[in-house]
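A.B. asks: The structure's right below; bear with me while I get my questions together.
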Amino acid sequence: MLYVILGHDAPGTLKQRIELRPQHRDYIRQLQVAGRLVIAGPRPAIDAVDAVDPGAAGYHGSLIIAEFDDLEAARAWAVNDPYNQAGVFSHVDVQAFVKALP
């Protein structure tokens, strides 16, 4: 089943986020290599053409949609995300997801 993992950045963690980005991406790539990743990316704190790099505005957090055996497996994966382990995320929501379109 698919699950949405929505990480919410803690205030003042932009520097940590940037430093840990390679480890975070490597962790997500494991899902991609296993054929379980649907989509993943950051949620910039600004709505602008150059939101890919929002600069000092930072991010609200991250969104990941991936396939897991069950809710507990998705939660366990989220707990071990380097951003979560280091406190970049203040909290993480993990919820079942049903892809309806396209």
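A.B. asks: Assign one of three labels to region 58-102, namely rounded, prolate or oblate, based on the Cα gyration tensor with a ≥ b ≥ c the square roots of its eigenvalues; rounded applies when a/c is under 1.5, prolate when it is not and a/b is larger than b/c, and oblate otherwise.
C.D. replies: Numbers: a/c = 2.83, a/b = 1.43, b/c = 1.98.
In terms of gyration-tensor shape, oblate.
A.B. asks: Where does helix 14-33 land angle-wise versus the long Cα axis of the chain, in degrees 0 to 90, nearest 10?
C.D. replies: Rounded to the nearest ten degrees, it is 20.
A.B. asks: Here is a further query. For the chain, what relative contact order do you get, as a whole percent, if you take Cα pairs closer than 8 Å and at least 6 residues apart?
C.D. replies: Values: 167 pairs, mean separation 49.7, N = 102.
The normalised contact order for the chain reaches 49 percent.
A.B. asks: Shifting gears a bit: Between Ala56 and Arg25, what length comes free when the chain is fully extended (0.36 nm per residue of separation minus the Cα-Cα distance, one decimal in nm)? If you can, show how the numbers build up before the last one.
C.D. replies: Numbers: separation 31, 0.36 × 31 = 11.16 nm, distance 2.07 nm.
Value of the extension gain: 9.1 nm.
A.B. asks: Sticking with this one: Extent of the chain along each principal axis, from alpha carbon coordinates, in Å, largest to smallest?
C.D. replies: Largest to smallest, the principal-axis extents are 37, 31, 23 Å.
A.B. asks: Roughly how many Å² of His60 are accessible to a 1.4 Å probe, to the nearest 10?
C.D. replies: Around 100 Å² of this residue is reachable by solvent.
The values are calculated or read from the model by the stated rules, or taken from the named source; none is laboratory data. Note that the structure is predicted; figures quoted are calculated from it, not measured. Surface areas here come from the heavy atoms of the whole protein model, side chains and all, with no ligands, DNA or RNA. Shrake-Rupley method; radii C 1.70, N 1.55, O 1.52, S 1.80 Å.
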